[in-house]
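Participant: Here it is, the structure, as structure tokens.
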Amino acid sequence: MSFHYQNGSLYAEDVSIMEIAQKVPTPFYLYSEQILRSQMRAFSDAAQKRLKSSLVCFAVKSNANPAIINVFSSMGAGADIVSEGELLLALKSGIPADKIVFSGVGKTREALTLAVEKEIKQINLESEEEAEMLNEIAAKADKKVRVAVRVNPDVDAHTHHKITTGKKENKFGVAWQEARPLYQRLAKTENLIPVGIDVHVGSQLLETEPFEEAFKRTAEIVHTLRSDGIRLQTIDIGGGLGVAYQKTDKPCSPDDYIAVVEEQLGDLECEIVFEPGRFLVAPAGVLVSRVVRVKHTPSKDFLVLDAGMNDLIRPAIYDAYHNIAAVKEKEATQTFDVVGPICESSDVFGKDRMLPAMRPDDLVVIETAGAYGSSMGSNYNFRPLCAEVLVSKERFAVIRQRQTFEEMLALNRPAPWL
Ligand code: LLP
């Protein structure tokens, strides 16, 4: 049992959240190692069952804490990275370079140079211009670099418009119609070796159909390239598998999803690379927060928390739903708008939520917050980045301290003329 009520209060595995909150300042992210591991196992078991050769590369952007990355690297995962910082972080967190894939539409010269130097598994090219820059960098370093082309399959992911990536109007990838000539040019370069193809349609997909469409298109390109004499070895199919944020969400399972992969790509004799983020970490994390004030107004009752949109921005920017629960187990009798302290009307975690009667200092958790929670945190309103805690059975450890005000001030410098 991972997050559950015991003796009238919420526990993470075998540790009382109230007890942790006596030692760690709120708000903080709290992760269950057991859930991290069971999510990874569910994913990789399904992949191993259905595919001859596969690699799960954790999308570091979804959660950049080294201890979390470590859990996955200890289970054999690689990493999907999108910046120079994520490359350094993945290497530092125990991911071998030959299990790192690098995507992103704006990889800088510095980032590409580092990736070449570290000899990572594969660089996913998102434009011809990028291919030219990389070829030049590789030539200078006198290295042969393994690349894939990220194709834009022009498929509607049926997800929130801000997290859809595979439509032709999105900035990502190379139009699928232009992939073939680009591969032909890559095959003629001195320093780039086209080893793979890459496709990612979007995030938080609940159905298999958009995946199916994208994979079909990908398979067609792989076949066409074979007839041109270009034999790809890896098919990187990105991330995107959704999770249930509320009871009405019915995501497809890893097995449903990988069955589609098997059906569309299974007979191509290629290694399938996955880049899941959300599926692996979202259900494993909650944001623990304290009630600062219960504010009554003529139209609404507000539960004002010490967590704000700087700690968890998903509700504000994607209208994302996160369930909110009281740590003390009591009957839900009241309706609140649960809000943060930030000076923005969008700093709302949930509207009209049924909760027990609450008092200042009571604790709540905002659920399913392990992905794109902490990693999207900011210092807005000059608030420190919050702490992160990992629980494993009856143990817990602070895996990131709350930032101090000294640390927040340390990078500032006076303008000499003022
Ligand atoms: N690979 C690529 C190339 C990606 O762009 C992404 C996510 C992933 C893998 C991982 O996708 P996942 O398995 O986590 O769906 N901040 C948004 C999500 C943005 C996703 C960006 N790309 C949110 O909080 O919903």
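The values are calculated or read from the model by the stated rules, or taken from the named source; none is laboratory data. In this text the structure is predicted, and so the values were computed from the model without any measurement. Positions of Cβ are backbone-derived with ideal geometry, glycine not excepted, and every protein chain shown enters the neighbour counts.
Participant: So which residues in the range 152-171 are under 15 Å from LYS216 (Cα atoms) and more than 12 Å from the ligand (Cβ to nearest atom), if there are any at all? It would help to see each step written out before you state the result.
Facilitator: Narrowing the range 152-171 to residues under 15 Å from LYS216 (Cα atoms): 152-157, 166.
Matches in the range 152-171: PRO153, ASP154, VAL155, ASP156.
Participant: Identify the residue in the range 197-213 that is within 14 Å of the ligand (Cβ to nearest atom) and part of a helix (DSSP H, G or I) and, among all such residues, is surrounded by the most Cβ atoms within 10 Å (Cβ to Cβ).
Facilitator: Per the criteria, the residue is PHE211.
Participant: Out of the residues in the range 172-196 that are of a type in the set (A, V, I, L, M), closer than 16 Å to ARG217 by Cβ and surrounded by 15 or more Cβ atoms within 10 Å (Cβ to Cβ), state the one that is farthest from the ligand (Cβ to nearest atom). Steps first, please.
Facilitator: So the first thing to find is which residues in the range 172-196 are of a type in the set (A, V, I, L, M), and the list is 174-175, 179, 182, 186-187, 192-193, 195.
Then drop every residue that is not closer than 16 Å to ARG217 by Cβ, which leaves 174-175, 179, 182.
Then keep just the ones that are surrounded by 15 or more Cβ atoms within 10 Å (Cβ to Cβ); that gives 174, 179, 182.
Values: VAL174: 14, ALA179: 16, LEU182: 18 Å.
Among those residues, the one meeting the criterion is LEU182.
Participant: Quick one: count up the residues across the range 327-349 that are buried (at least 20 other Cβ atoms within 10 Å of the Cβ), within 21 Å of ARG314 (Cα to Cα) and in contact with a Leu (Cβ under 9 Å, 6 or more places away or on another chain).
Facilitator: Going through the range 327-349, the residues buried (at least 20 other Cβ atoms within 10 Å of the Cβ) turn out to be 327, 336, 338-340, 347, 349.
With the extra rule that they be within 21 Å of ARG314 (Cα to Cα), the set shrinks to 336, 338-340, 347, 349.
Adding the requirement that they be in contact with a Leu (Cβ under 9 Å, 6 or more places away or on another chain) leaves 336, 338-340, 349.
Number satisfying all stated conditions: 5.
Yes/no matrix, rows are residues, columns are (1) farther than 30 Å from SER54 by Cβ; (2) in contact (Cβ under 8 Å) with a residue 40 or more places away in the chain; (3) within 16 Å of the ligand (Cβ to nearest atom); (4) not assigned by TED's automatic domain parsing to the domain that holds SER83:
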| site | (1), (2), (3), (4) |
| --- | --- |
| LEU268 | no, yes, no, no |
| ILE272 | no, yes, yes, no |
| PHE302 | yes, no, no, yes |
| ALA316 | yes, no, yes, yes |
| ASP319 | yes, yes, yes, yes |
| GLY340 | yes, no, no, yes |
| LEU363 | yes, yes, no, yes |
| ILE366 | yes, yes, yes, yes |
| GLY373 | no, yes, yes, yes |
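Participant: Can you name every residue in the range 60-103 that is more than 13 Å from the ligand (Cβ to nearest atom) and of a type in the set (D, E, K, R)?
Facilitator: GLU84, LYS92, ASP98, LYS99
Participant: Another question about this same structure. In the range 109-141, which residue that is out of contact with any helix residue (DSSP H, G or I) (no Cβ under 7 Å at 6 or more places or on another chain) and in contact (Cβ under 8 Å) with a residue 12 or more places away in the chain is farthest from the ligand (Cβ to nearest atom)?
Facilitator: First pass over the range 109-141, keeping only residues out of contact with any helix residue (DSSP H, G or I) (no Cβ under 7 Å at 6 or more places or on another chain): 117, 122, 124, 126-127, 129-130, 132, 135-136, 139-140.
Filter once more, so that each one left must be in contact (Cβ under 8 Å) with a residue 12 or more places away in the chain: 117, 122, 124, 126-127, 130, 135, 139.
Values: GLU117: 22, GLN122: 12, ASN124: 7, GLU126: 9, SER127: 14, GLU130: 14, ASN135: 22, ALA139: 27 Å.
Looking at the filtered set, the residue picked out is ALA139.
Participant: If I filter the range 138-159 for residues that are of a type in the set (Lys, Arg), buried (at least 22 other Cβ atoms within 10 Å of the Cβ), assigned by TED's automatic domain parsing to the domain that holds LEU241 and closer than 23 Å to GLY239 by Cβ, do I get at least one hit? Steps first, answer last, please.
Facilitator: Of the residues in the range 138-159, the ones of a type in the set (Lys, Arg) are 140, 143-144, 146, 150.
Now drop any that are not buried (at least 22 other Cβ atoms within 10 Å of the Cβ), which leaves 150.
Of the ones still in play, those that are also assigned by TED's automatic domain parsing to the domain that holds LEU241 are 150.
Filter again for closer than 23 Å to GLY239 by Cβ, leaving 150.
Within the range 138-159 (the criterion being of a type in the set (Lys, Arg), buried (at least 22 other Cβ atoms within 10 Å of the Cβ), assigned by TED's automatic domain parsing to the domain that holds LEU241 and closer than 23 Å to GLY239 by Cβ), the answer is yes, since at least one residue qualifies.
Participant: How many of the residues in the range 225-240 are surrounded by 24 or more Cβ atoms within 10 Å (Cβ to Cβ), in contact (Cβ under 8 Å) with a residue 40 or more places away in the chain and aliphatic (A, V, I, L, M)?
Facilitator: Result for the range 225-240: 0.
Participant: Show me the strands (runs of 3 or more DSSP E) found entirely inside the range 84-183 where at least 1 residues are of a type in the set (Lys, Arg) and within 30 Å of TYR245 (Cα to Cα). It would help to see each step written out before you state the result.
Facilitator: On the way: elements: 100-102, 122-125, 145-152.
Correct list: 145-152.
Participant: So which residues in the range 48-78 are among the aliphatic types (A, V, I, L, M) and in a loop (DSSP other than H, G, I, E, B), if there are any at all? Don't jump to the end; show me each part of the working.
Facilitator: We begin by selecting, within the range 48-78, every residue among the aliphatic types (A, V, I, L, M); these are 51, 55-56, 59-60, 64, 67-69, 71, 75, 77.
Of everything in the range 48-78, those that are among the aliphatic types (A, V, I, L, M) and in a loop (DSSP other than H, G, I, E, B) turn out to be LEU51, ALA64, MET75, ALA77.
Participant: Of all the strands (runs of 3 or more DSSP E) wholly in the range 350-403, which have at least 2 residues that are surrounded by fewer than 19 Cβ atoms within 10 Å (Cβ to Cβ)?
Facilitator: Working: elements: 363-366, 387-392, 395-400.
Passing ranges, in order: 395-400.
Participant: For THR248, only one of the following conditions fails: (1) more than 14 Å from the ligand (Cβ to nearest atom); (2) touching a residue at least 24 places away in the same chain (Cβ under 8 Å). What is its number?
Facilitator: (2)
Participant: Which count do you get for residues in the range 1-33 that are in contact with a helix residue (DSSP H, G or I) (Cβ under 9 Å, 6 or more places away or on another chain), among the hydroxyl-bearing types (Ser, Thr, Tyr) and not in a strand (DSSP E or B)?
Facilitator: Residues flagged as in contact with a helix residue (DSSP H, G or I) (Cβ under 9 Å, 6 or more places away or on another chain), among the hydroxyl-bearing types (Ser, Thr, Tyr) and not in a strand (DSSP E or B) within the range 1-33 amount to 1.
Participant: Using the structure shown, decide if PRO276 is within 16 Å of the ligand (Cβ to nearest atom) and assigned to a helix (DSSP H, G or I).
Facilitator: On the way: within 16 Å of the ligand (Cβ to nearest atom): yes; assigned to a helix (DSSP H, G or I): no.
It is false that PRO276 is within 16 Å of the ligand (Cβ to nearest atom) and assigned to a helix (DSSP H, G or I).
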